[in-house]
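Asks: Have a look at the structure that comes next, please.
Read-outs throughout are calculated quantities, based only on the coordinates presented, and are distinct from any laboratory measurement. Just so it is clear, the structure is predicted and the values come from calculations on it, not from any experiment. As a convention, Cβ positions derive from the backbone with ideal geometry for all residues, glycine included, and neighbour counts pool all protein chains shown.
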Amino acid sequence: SAAAYPADEDEEIMVKTEFVWADGAENDVKLSGAWNGWMPVQMYHEGGGIWSVITPVPAGTHEFKFIVDGEWTTSSRHPTVGDAATGLDNIRVIRAPAKYEAPEDKGEPGAEAAATTNKKATACCVIA
């Protein structure tokens with residue numbers, strides 16, 4: 001079916017990605033990233049000092065920060081870019097899942113289903 005193949009090769013591939021803040025907070029933690037214009041995304045308290053959220057992020061390299069109890073901050077548990085003068089951001093590379101290969105012989109019934117069901121989803125990762 002046509003739905004199995006992207007209409008536009010330049011279409012952004014969104015990857016459900018988990019972000020974790022593991023350094024505690026009094027009341028609230030939000031995630032803010034360059035991929036959505038730095039709009040804050042609410043994170044959820046998992047217990048202890050752990051806050052997390054799963055949010056769609058386009059494949060590629062992205063800068064982000066956490067807003068902990070109203071204060072913009074970076075996590076020492078993620079790589080950073082920038083410096084003290086310009087400001088630090090965390091950075092993360094989001095990898096797209098392996099693309100489904102189109103069956104070579106389109107005349108073979110079930111070839112498309114076999115090609116898609118044998119692939120494991122490896123798109124999501126946890127970096128705490």
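Asks: Do we have Thr61 as without any contact (Cβ under 8 Å) to a residue 40 or more places away in the chain, assigned to a strand (DSSP E or B) and of a type in the set (Ser, Thr, Tyr) here?
Replies: It is true that Thr61 is without any contact (Cβ under 8 Å) to a residue 40 or more places away in the chain, assigned to a strand (DSSP E or B) and of a type in the set (Ser, Thr, Tyr).
Asks: Still on this structure, please answer the following. Could you check region 8-65 and list, in sequence order, the residues that are within 10 Å of the chain's Cα centre (by Cα) and closer than 14 Å to Arg77 by Cβ?
Replies: Listed by number, the residues that qualify are Glu18, Phe19.
Asks: Right, next: Counting just the residues of region 25-42 that are in a loop (DSSP other than H, G, I, E, B) and of a type in the set (A, V, I, L, M), which one comes out surrounded by the fewest Cβ atoms within 10 Å (Cβ to Cβ)?
Replies: Within region 25-42, the subset in a loop (DSSP other than H, G, I, E, B) is 25-28, 37-40.
Checking the rest, the ones that are also of a type in the set (A, V, I, L, M) come to 25, 39.
Details: Ala25: 19, Met39: 10.
Among them, the one singled out is Met39.
Asks: Another question, if that's okay. Kindly list, by first and then second residue, each pair from a residue in region 69-92 that is without any contact (Cβ under 8 Å) to a residue 12 or more places away in the chain to a residue that is part of a loop (DSSP other than H, G, I, E, B), limited to pairs with Cβ atoms under 7 Å and residues at least 6 apart or on different chains.
Replies: The qualifying pairs are Thr80/Thr74.
Asks: Just checking, how many residues over region 20-41 are closer than 18 Å to Asp89 by Cα and free of Cβ contacts under 8 Å to residues at least 60 places away in the same chain?
Replies: Here the count works out to 15.
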